[in-house]
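The values are calculated or read from the model by the stated rules, or taken from the named source; none is laboratory data. This structure is a prediction, so every number in the text was calculated from the model and none was measured. Cβ placement follows ideal geometry from the backbone for every residue including glycine, while neighbour counts extend to all protein chains displayed. Note: accessible area is taken over every heavy atom of the protein model, side chains too, but ligands, DNA and RNA are not part of it. Shrake-Rupley method; radii C 1.70, N 1.55, O 1.52, S 1.80 Å.
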Amino acid sequence: MLVSEQKLETQYFRVRDKCRKQLLPYLDNAISLIPQIKDCKVLDVGCGSGVPSLFIVEKFDSHVTAIDIDRRSINEFQRKVKELNYQEKFTIHNSSLNDVNPKINYFDIILAEGFLNVIGFEKGFINLLKHLKPNGYFIIHDDYQGNDEKTKLIGNNNCEILDSFSLDENIWWDKYCSCLENNISKIENSDLLELFKSDIKEVEMYKEDPTQFRSRYYTIRKK
């Protein structure tokens, strides 16, 4: 009997999420300086299948607005939210940030895990910052390249960096890439393997040049 597309996608995300969760201790470290905020409003841009969002909502009494353009990721995110009975904790959009157009000076926390790397750090940072309340917190996880310029840009936009730390290529291999490789190697279903084409390529890219996987977290407060 053929496995349905939905079941294949669920299996696919279970593997990816399993590996992605191994990086959550670093997100936990990045948010450790943020105090508890009553009725905390969170924006997660580029939320994917919701691993960081679900972690955040367990840490803070919050409502999360999550945005991503990838349909499959959003479908999986919505499935998990329903399974956990967390519907009241999330507003999930399968669209771009511009289409959603969030309120100005509205969010207590903004989370951008890899989002700025896609659209450009300066453009994305300035665009997102206007949606953050004064004294709100901005958590950014981005590639390490251009760290000095990014640090200067943050300071020039009325923000202070409370903490910043790097994830080197060894962390990325130990916590994520090797996890993907090991789990993918056990898959026998050719249709399921097809879904992992980009992940297999990602592991190959790591092996070609591990240094390109270096990344950095920034914990920022808007003054």
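Which one of these is of a type outside the set (D, E, K, R), modelled with pLDDT under 95 and closer than 25 Å to ARG216 by Cβ: LEU2, LEU97, LEU43?
LEU97
Name the residues in region 192-223 that are touching a residue at least 60 places away in the same chain (Cβ under 8 Å), surrounded by 13 or more Cβ atoms within 10 Å (Cβ to Cβ) and over 22 Å from the mean Cα position of the chain (by Cα), would you?
LEU192
List every residue pair whose Cβ atoms lie under 7 Å apart, where the two residues are 6 or more positions apart in sequence or sit on different chains, the first residue falls within region 108-122 and is within 14 Å of GLY146 (Cβ to Cβ), and the second residue, located anywhere, is of a type in the set (A, V, I, L, M, F, W, C) and surrounded by fewer than 20 Cβ atoms within 10 Å (Cβ to Cβ).
GLU122/LEU153
Evaluate region 131-144: report whether one residue or more is open to solvent by 40 Å² or more (accessible area, probe 1.4 Å) and without any contact (Cβ under 8 Å) to a residue 40 or more places away in the chain.
There is no residue in region 131-144 that is open to solvent by 40 Å² or more (accessible area, probe 1.4 Å) and without any contact (Cβ under 8 Å) to a residue 40 or more places away in the chain.
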